[in-house]
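What follows is a set of notes on a single structure, which appears directly below.
The values are calculated or read from the model by the stated rules, or taken from the named source; none is laboratory data. Please read all numbers here as calculations on a predicted model, not as lab measurements. FYI the Cβ positions are ideal-geometry reconstructions off the backbone, even for glycines, and counts take in every protein chain you see.
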Amino acid sequence: MRAMSTSLPQLPSITLHDLQGFITASGLPKFRAKQIIQWRNKGVLNPDNMGNIPKNIRELVNDKLCCQPISLTDKQCSEDGTRKYLFTLKSGKSIETVLIPEQERGTVCLSSQVGCVLDCPFCHTGTQKFEANLTAGEIIAQVLAVKEDLRQNPMQEGLHNHVTHLVYMGMGEPMANEAGVHQSLAMLMSEEGLHLSRRRITVSTSGLTPQIKHLGEEYPVNLAVSLHSAINAERDILVPINIKYPLEVLRDCLNAYPLAHQRHITLEYLLLDDINDRDEDIQALLNFINPERERINLIRFNPYPNSPYSGTPTERMNSFAKALISKGIRATVRRSRGQDIMAACGQLKSSKAIIS
């Protein structure tokens, strides 16, 4: 009897060495494994579409490996070119992934969990209960599915048509899924994988300091921290993990995180009207930030149904940024992308199907 597909090795995350062992153990030529990996890295996960692979090998791979751990359920395209994908896992659970195209880069925003273990009150994803950690194969499959979509449906003129950057900023808290995230990073950065530079990958976290330390030791990619307040009492509410790992602990952790030359840590700061956009919030930020190692990314609040929050008005956002810049802090206001399809920061949620 064939094993359940969820227990089979997953093609998106299998190493060349392991695939070669599987191929040769079946009495087949070793070089076929490299051919299959080449197809995989292009985004082709269905063995039936691997043109130079004989039928008997395609059937074997399809039977003994979980080739497509996620399947595309729906896709939406924003007026600004952003694409949001709804994927279904073998378990029947769903996740969302976002492609953010620009003129000179294509960034994929990856999910690492179904739902989220945290309950930050301003985040739509946080209103969906945690259901599962994603495997490395399920994380990597998101990248490969976007690559295949770009191959089949190229971007409109003026927008980049390839995946160049990855951000672990979709559904879930990446640091709460160390095994899946670390294994996916290893494959995505390896020569037999997509061979992406660590400078092109960013992992976001709400501030799980032990896991930040582990990431820096194993895979020192770009780091983004969802700060949202530099006042402990305020951050305890907005980012509840702060109760366990308060700002003082986070500060020491960030000081120790290894940075590549001319790189910095990004402090994400969602501005909420009359919540964390006051003068005392600016002063607290100035006291917290290490300007030699960090910059602040100010984010507009992206509304979702029944949200109790309102975003800071544009004029106040600009004055907030200017106040930081005047003190030598690198501060930028992030431009919202894909808001019209609920694909912007904090809007992802997969508990209901997308309605096209």
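Below is a table of values for the structure above.
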{"read-out": "Index of the failed condition, Met189 passing every other in (1) farther than 28 Å from Ser13 by Cβ; (2) surrounded by fewer than 21 Cβ atoms within 10 Å (Cβ to Cβ); (3) touching a Ser or Thr at 6+ places or on another chain (Cβ under 8 Å)", "value": "(1)"}
{"read-out": "1 or more residues among the aliphatic types (A, V, I, L, M), surrounded by 18 or more Cβ atoms within 10 Å (Cβ to Cβ) and in contact with an Asp or Glu (Cβ under 7 Å, 6 or more places away or on another chain): qualifying strands (runs of 3 or more DSSP E) within the stretch 1-114", "value": "70-77, 83-89"}
{"read-out": "Test for Gln20: is it assigned by TED's automatic domain parsing to the domain that holds Val239 and either out of contact with any strand residue (DSSP E or B) (no Cβ under 7 Å at 6 or more places or on another chain) or not aliphatic (A, V, I, L, M) (or both)", "value": "no"}
{"read-out": "Those residues of the stretch 252-304 which are under 23 Å from the mean Cα position of the chain (by Cα) and of a type in the set (Lys, Arg), in sequence order", "value": "Arg263, Arg293, Arg295, Arg300"}
{"read-out": "For Leu8: the one exception among (1) in contact with a Cys (Cβ under 7 Å, 6 or more places away or on another chain); (2) farther than 19 Å from Ile140 by Cβ", "value": "(2)"}
